[in-house]
Amino acid sequence: MIGMPFAVMAEAPPIRSASEIDYPPFCIVDANGEANGFSVELMRAALAAMNREVTFRTGPWEEVRGWLERGEIQALPLVGRTPERERLFDFTFSYMTLHAAIVVREDNQDIYDLGDLRGRQVAVMKGDNAEEFLRREDRGVEIHSTTTFEEAMRELSHGQYDAVVIQRLVALRLIEEMKPSNLKVLDRPIEGFRQDFCFAVREGDR
């Protein structure tokens, strides 16, 4: 037809992403089974500014991370930048920095900082920054990996472990939601454990 452009650009397909199921308040699944949380909404807003949409799968962190490693999805909204992940992913600039904390039972009398975890049974979420941090050097800690931090906190409450190493804000939110009567977050931050959170894509995906 006269006056029509030579080619009509097809709309770009939605970016394929994913969200963890229990990393509040950053990545969660809402009552409708949909991905939600601060980081999910941040990615939606960033892509909307580029006239792009995004779809989210949901699952435990270890699965979510594997989807990006294998190229089943294109980007993730919340990935802590660590030395172990530099060879796997490319990162945006950091949009948030979090510090980790130790969670113990209320009756704890002898765990106050990282050094006190030596010889203890400590739970972390499998594949999380906390697990990478604890395994980076031999600290004499017996590390137990759980599928989610909610599972780790519940089992700590039931006496299965001595402590959980977790991001402070996530710990506070989970305690607020789960309402265990016998857990507390230690006030002392973990020295040397800082997490810079970014969007991430597969290594080399520019």
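The values are calculated or read from the model by the stated rules, or taken from the named source; none is laboratory data. Keep in mind it's a predicted model, so treat the numbers as computed, not measured. Virtual Cβ from ideal backbone geometry, glycine too; neighbours counted across all protein chains shown. The protein model used for the area step is the full one, side chains on, heavy atoms only, and it has no ligands, DNA or RNA in it. Shrake-Rupley method; radii C 1.70, N 1.55, O 1.52, S 1.80 Å.
Residue count for the stretch 90-104, restricted to those that are small (Gly, Ala, Ser) and either assigned to a loop (DSSP other than H, G, I, E, B) or open to solvent by 70 Å² or more (accessible area, probe 1.4 Å) (or both): 1. Scanning the stretch 174-206 for residues that are part of a helix (DSSP H, G or I), open to solvent by 80 Å² or more (accessible area, probe 1.4 Å) and touching a residue at least 12 places away in the same chain (Cβ under 8 Å) yields one hit, Glu177. When the stretch 115-141 is filtered for residues that are farther than 22 Å from Phe197 by Cα, among the aliphatic types (A, V, I, L, M) and not in a loop (DSSP other than H, G, I, E, B), the ones remaining, listed by number, are Leu117, Val122. Could you tell me whether the stretch 149-169 includes any residue that is of a type in the set (Val, Ile, Thr), out of contact with any Gly (no Cβ under 8 Å at 6 or more places or on another chain) and not in a strand (DSSP E or B)? Among the residues of the stretch 149-169, not one is of a type in the set (Val, Ile, Thr), out of contact with any Gly (no Cβ under 8 Å at 6 or more places or on another chain) and not in a strand (DSSP E or B), which makes the answer no. When the stretch 37-89 is limited to residues that are open to solvent by less than 30 Å² (accessible area, probe 1.4 Å) and of a type in the set (Ser, Thr, Tyr), the one that is modelled with the lowest pLDDT turns out to be Thr82.
Listed here are the residues, each with its yes/no results for (1) surrounded by fewer than 19 Cβ atoms within 10 Å (Cβ to Cβ); (2) over 15 Å from the mean Cα position of the chain (by Cα); (3) of a type in the set (D, E, K, R); (4) within 17 Å of Ile28 (Cα to Cα).
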position: Glu106; (1), (2), (3), (4): yes, yes, yes, no
position: Tyr112; (1), (2), (3), (4): yes, yes, no, no
position: Leu134; (1), (2), (3), (4): no, yes, no, no
position: Glu137; (1), (2), (3), (4): yes, yes, yes, no
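Of the residues making up the stretch 1-36, just one is open to solvent by 70 Å² or more (accessible area, probe 1.4 Å), among the charged types (D, E, K, R) and modelled with pLDDT under 95, namely Glu11. Of all residues in the stretch 124-159, those satisfying the criterion of being farther than 18 Å from Glu20 by Cα and either in contact with a His (Cβ under 9 Å, 6 or more places away or on another chain) or among the acidic types (Asp, Glu) (or both) are Glu137, Asp138, Glu142, Glu155.
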